[in-house]
Amino acid sequence: MFAAERRQLILEMVRANGAVSLRELARVVQTSEVTVRRDVRALEAEGLLDRRHGGAVLPGGFSREPGYPQKTHLAAAEKSAIADLAATLVEEGDAVVIGAGTTTQELARRLARVPGLTVVTNSLLVAQALAHANRVEVVMTGGTLRGSNYALVGSGAEQALSGLRVTKAFISGSGLTAERGLSTANMLSASVDRALVQSAAEVIVLADHTKLGADSMFQTVPTEAITRLVTDEQAAGHDPTARELDALADCGVQIALAPLGLVAEPPGHPGLERHPQQVQPPGAPRRAPGPGSAPLPGPRRPAPHQAPPGHLPTRLAAGAR
């Protein structure tokens with residue numbers, strides 16, 4: 001097979017699958033991995049695909065996973081706001097699973113005072129956040145430690161989750177799209193995340209606006225399996241992410257937007273209760289916003305009884321629980 005033929009076949013495989021390992025490419029084109037690596041490098045130089053460790057992916061479409069030190073500084077305010085809002089979804093006596101990640105770590109810190117709570121997790125960071133919570137029982141999976149995100153992965157972790165049934169799963173990832181759902185950059189993490197969500201009656205994804213529209217190599221949760229997305233309000237303020245929110249809502253995902261800060265009460269409205277913006281589920285009748293109701297998606301003109309622009313919601317609408 002000539003080099004041009006090999007490279008065309010490699011390109012077709014990557015376009016069809018999104019990501020392909022060098023070993024699989026070498027098997028299909030019937031040549032060595034050294035030759036395939038050279039072909040992939042040439043195709044990358046032409047901008048037709050991107051190289052990844054041990055494989056090739058579509059150009060620019062798949063996010064790389066930063067390490068834990070980098071993640072702690074990415075969208076820190078947004079993660080904190082998301083955790084505040086997500087914590088209101090947990091009730092006394094709940095049994096939940098919490099996956100690995102810096103956003104889920106923030107959530108765990110806020111759950112330390114929920115009495116009678118049982119948390120199952122594969123994350124050392126989540127367990128550490130709850131280590132001194134007297135009224136919270138923490139159950140850890142087994143498995144092999146993945147040092148980059150302090151998570152337990154592998155068959156030991158997956159077996160510990162088999163047969164488990166809890167009320168809610170809180171999970172994060174590297175990217176979220178309406179087309180593909182939640183994804184992550186590591187195969188072992190993806191397998192454990194899939195086991196986590198299979199144990200829960202309700203799947204809640206925690207993802208800040210930087211992850212919306214991003215895609216990564218391994219799918220963890222398909223869109224149809226996601227019950228709710230908790231993200232920050234900036235997701236609705238930019239065209240690409242706002243369109244992604246609309247597409248997710250069309251797929252039946254409930255959307256909750258977390259405010260990034262508290263503001264002073266408007267004059268004449270002491271103690272006014274405000275709620276995060278929510279995208280209505282498909283088929284739901286559109287109602288004009290009333291006092292205390294969540295505003296509808298799309299451009300809005302404040303009514304006389306509503307808070308003036310710039311005043312942000314502070315907690316989840318009662319109907320979204």
Karplus (6.51, -1.76, 1.60) ³J(HN,Hα), θ = phi - 60°, over the stretch 240-247, in Hz, Gly and Pro reported as x: x, 6, 5, 5, 5, 4, 4, 5
For ALA214, what residues show an amide H to amide H distance below 5 Å, using hydrogens built from the backbone and excluding near sequence neighbours? LEU176
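From the alpha carbon gyration tensor of the stretch 68-257, can you work out the equivalent ellipsoid semi-axes (sqrt of 5 times each eigenvalue) and give them in Å, largest to smallest?
Listed largest to smallest, the semi-axes of the stretch 68-257 are 24, 18, 16 Å.
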Among ARG228, ARG38, rank each residue by its count of other Cβ atoms within 10 Å, from fewest to most, as a rough exposure measure. ARG38, ARG228
List the residues, sorted by chain then number, that are 5 or more residues from VAL166 or on another chain and whose placed amide H is less than 5 Å from its amide H. ALA200, ALA201
Given Cα positions, please report Rg to Rh for the stretch 131-244, the hydrodynamic radius being the Kirkwood one. 1.00
Ranked list, fewest to most other Cβ atoms within 10 Å of each Cβ, for ILE255, ILE98: ILE255, ILE98
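Remind me, what semi-axes does the stretch 3-57 give for its equivalent ellipsoid, largest first in whole Å, using sqrt of 5 times each Cα gyration tensor eigenvalue?
Values: eigenvalues 36, 28, 24 Å².
Equivalent ellipsoid of the stretch 3-57: 13, 12, 11 Å, largest first.
Here, each number is a calculation from the coordinates, and none is a lab measurement. Keep in mind the model is a prediction, meaning the values are calculated, not measured. So basically every Cβ, Gly included, is an ideal-geometry build from the backbone, and we count neighbours across all protein chains shown.
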